[in-house]
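The values are calculated or read from the model by the stated rules, or taken from the named source; none is laboratory data. Please read all numbers here as calculations on a predicted model, not as lab measurements. Ideal geometry is used to build each Cβ from the backbone, glycine not excepted, and the neighbour counts take in all protein chains shown.
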Amino acid sequence: MLQRDANAAAAHQIRQNAYFGVRTMSISNIANSVREFLAYREAVRQLSSLDDRQLSDIGLTRGQIREIVRRKAA
């Protein structure tokens, strides 16, 4: 009987650790996604603040900004 209780307690602990591990990993993934989005948005903002001549100097058009930043972030 004691062995069964010990096994049940161990199984419960494993399930609990797995649940909280997945939950923590999910929160971490969300935080990483938010950080990546904020970095993307900042890069788009900075490039968008350049005038057309400056964009041309670096080989970009205004319409390419989001696509280029998205590609570089991936």
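Do any residues in region 47-74 that are touching a residue at least 24 places away in the same chain (Cβ under 8 Å) have Cβ atoms under 7 Å from those of residues that are part of a helix (DSSP H, G or I) and of a type in the set (D, E, K, R), where the two are at least six apart or on different chains, and which pairs are they?
Short answer, once both residue conditions are applied: Ala73/Glu36.
This table checks each residue for (1) assigned to a helix (DSSP H, G or I); (2) more than 25 Å from the chain's Cα centre (by Cα); (3) surrounded by 10 or more Cβ atoms within 10 Å (Cβ to Cβ); (4) modelled with pLDDT of 95 or more.
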residue: Asp5; (1), (2), (3), (4): yes, yes, no, no
residue: Met25; (1), (2), (3), (4): yes, no, yes, no
residue: Ile30; (1), (2), (3), (4): yes, no, yes, no
residue: Arg41; (1), (2), (3), (4): yes, no, yes, yes
residue: Arg45; (1), (2), (3), (4): yes, no, yes, yes
